[in-house]
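Take a look at the structure below.
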Amino acid sequence: MVKVLVIGGAGYIGSHVALELIDKSYDVTVYDNLSTGQKANLTQEAKFIQGDILDFQSLKNAMKGVDAVIHLAGKKAVGESMQNPQLYAVNNMQGSINILNAMVEENVKNIVFSSSAAVYGIPQYLPIDEQHPKNPMNFYGYTKCMMEDLMAWYEKLKGIRYMALRYFNAVGYDALKRVKGKEANPQNLLPIIMDAATSRRDGFQIFGNDYDTKDGTCERDYIHVSDLATAHEKAIHKLFSGEQSRCLNLGTGKTVSVQQVVDAAEQVIGKPLKYSYAPRRAGDPAVLVAKADLAFKVLGWTPRYTDIKEIIQTTWNMEI
Ligand code: UDP
């Protein structure tokens with residue numbers, strides 16, 4: 001049985017990845033400090049170590065006998081990364097360095113890393129392929145770039161092989177409702193809509209309706225979290241079958257506008273939502289969309305979820 005350490009496996013994406021690995025009969029240990037991850041997200045079939053990526057000794061202990069690491073731990077709020085870069089330097093950068101160094105010491109040779117479309121910054125062309133220049137416009141994106149660069153060096157110098165998976169907009173929940181924890185203080189569109197729909201907040205705003213897009217609101221590439229999870233499993237599988245290290249976009253290649261998300265949410269929820277139009281949010285590009293062919297080619301991966309209503313339904317199912 002292949003032994004995988006899922007670092008950050010109690011978080012939103014990590015818990016879906018852990019489930020996918022369990023479904024595919026991997027031996028899974030989740031390593032998480034539970035700062036934002038939740039015990040409710042853990043499946044009984046995975047072992048659990050409560051530990052911090054800043055605790056090098058604890059990380060090293062967790063890596064004994066492990067065949068591959070999936071690293072999804074770290075801070076992820078773009079705005080916060082600009083206000084408090086120190087937090088991101090320590091958690092995302094020092095934490096990632098610790099993971100690589102622990103891998104060297106424990107002779108673990110394979111890593112799948114949770115990267116982001118934030119590495120690209122303002123798109124110079126669309127759809128964004130993996131050759132697009134990396135030019136992050138926030139510190140969060142910079143931390144992802146740094147780890148990608150580090151992994152390339154550790155491959156040359158220490159033989160560590162990697163897959164960096166650049167997520168576009170992750171949305172949805174496990175259709176079988178096995179992930180139980182909701183994110184506290186969500187920063188992203190769909191969980192904010194859910195909070196408004198359930199009166200956890202008093203309505204929401206659409207940031208900008210004067211963009212040069214299909215309906216004036218921003219367009220994004222929304223990818224279901226369970227599809228992200230299957231890509232991680234395939235990435236591990238490919239690393240073990242000798243595939244070269246890669247950076248791969250994970251998206252659907254299709255755009256959905258903010259207005260379309262809101263309209264679809266109203267249909268799924270079955271009632272009108274309270275919202276208003278507000279000025280553009282600083283730093284938001286009009287359109288972000290992946291050219292995702294390389295992941296299809298390298299991993300043999302295609303997203304199962306392509307209908308935004310179906311995706312939103314899996315999120316709404318968490319509420320009802
Ligand atoms: N958005 C919005 N209202 C909100 C939150 C987000 O209109 O309360 C928009 C945001 O401007 C962007 C899209 O929804 O165009 C997706 O934003 P999110 O923060 O979920 O992800 P991002 O694309 O920034 O990674």
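Where a number appears in this text, it was derived from the coordinates with a stated rule and is not lab data. If you're wondering where the values come from, they're calculated on a predicted model, not measured in any experiment. Please note: Cβ atoms are built from the backbone with ideal geometry, for glycine as well, and neighbour counts cover all protein chains shown.
Only one entry of Ser25, Ser114 meets the criterion of being out of contact with any helix residue (DSSP H, G or I) (no Cβ under 6 Å at 6 or more places or on another chain) and on the phi > 0 side of the Ramachandran plot, and that entry is Ser25. Across the range 192-210, the number of residues qualifying as free of Cβ contacts under 8 Å to residues at least 12 places away in the same chain and within 13 Å of the ligand (Cβ to nearest atom) comes to 2. Can you tell me which residue is farthest from Phe207 (Cα to Cα) among those in the range 265-282 that are more than 8 Å from the ligand (Cβ to nearest atom) and in a loop (DSSP other than H, G, I, E, B)? It comes out as Gly270.
In a residue-by-residue description of the range 79-89, the property of being within 23 Å of Glu233 (Cα to Cα) and in contact with an Asp or Glu (Cβ under 9 Å, 6 or more places away or on another chain) applies to no position.
Run Val6 past the list (1) more than 20 Å from the chain's Cα centre (by Cα); (2) in contact (Cβ under 8 Å) with a residue 60 or more places away in the chain; (3) part of a strand (DSSP E or B) and report the number of the one that doesn't hold. Against the list (1) more than 20 Å from the chain's Cα centre (by Cα); (2) in contact (Cβ under 8 Å) with a residue 60 or more places away in the chain; (3) part of a strand (DSSP E or B), Val6 comes up short only on (1). Does the range 219-242 contain any residue that is crowded, with 19+ Cβ neighbours inside 10 Å, part of a loop (DSSP other than H, G, I, E, B) and within 14 Å of the ligand (Cβ to nearest atom)? Taking every residue of the range 219-242 in turn, at least one turns out to be crowded, with 19+ Cβ neighbours inside 10 Å, part of a loop (DSSP other than H, G, I, E, B) and within 14 Å of the ligand (Cβ to nearest atom).
Each residue in the range 160-191 was checked for being under 19 Å from Gln313 (Cα atoms), within 9 Å of the ligand (Cβ to nearest atom) and assigned to a loop (DSSP other than H, G, I, E, B), and 2 of them qualify. Scanning the range 141-148 turns up no residue that is in a loop (DSSP other than H, G, I, E, B), under 26 Å from Gly11 (Cα atoms) and not small (Gly, Ala, Ser).
Working only within the range 97-156, note down all residues that are of a type in the set (Lys, Arg) and farther than 23 Å from Gly242 by Cβ. Hits for the range 97-156 are Lys134, Lys144. Taking the criterion of being more than 18 Å from Ala292 (Cα to Cα), more than 19 Å from the chain's Cα centre (by Cα) and more than 12 Å from the ligand (Cβ to nearest atom), would at least one residue in the range 137-146 satisfy it? No.
Looking only at the range 81-124, residues that are in contact (Cβ under 8 Å) with a residue 24 or more places away in the chain, away from the ligand (no atom under 16 Å from the Cβ) and among the aliphatic types (A, V, I, L, M) come to 12 in all.
Within the set Leu189, Leu176, Leu150, the sole residue that is buried (at least 19 other Cβ atoms within 10 Å of the Cβ), out of contact with any Pro (no Cβ under 7 Å at 6 or more places or on another chain) and either aliphatic (A, V, I, L, M) or free of Cβ contacts under 8 Å to residues at least 60 places away in the same chain (or both) turns out to be Leu189. Only residues that are assigned to a loop (DSSP other than H, G, I, E, B) and on the phi < 0 side of the Ramachandran plot were counted across the range 57-83, and they come to 9. Comparison of Gln259, Gln313 shows that the only residue that is of a type outside the set (Ser, Thr, Tyr), assigned to a helix (DSSP H, G or I) and either within 13 Å of the ligand (Cβ to nearest atom) or under 18 Å from the mean Cα position of the chain (by Cα) (or both) is Gln259.
Ile49 falls short on exactly one of the conditions (1) within 20 Å of Asp227 (Cα to Cα); (2) outside any loop (DSSP other than H, G, I, E, B); (3) without any contact (Cβ under 8 Å) to a residue 40 or more places away in the chain, and that condition is (1).
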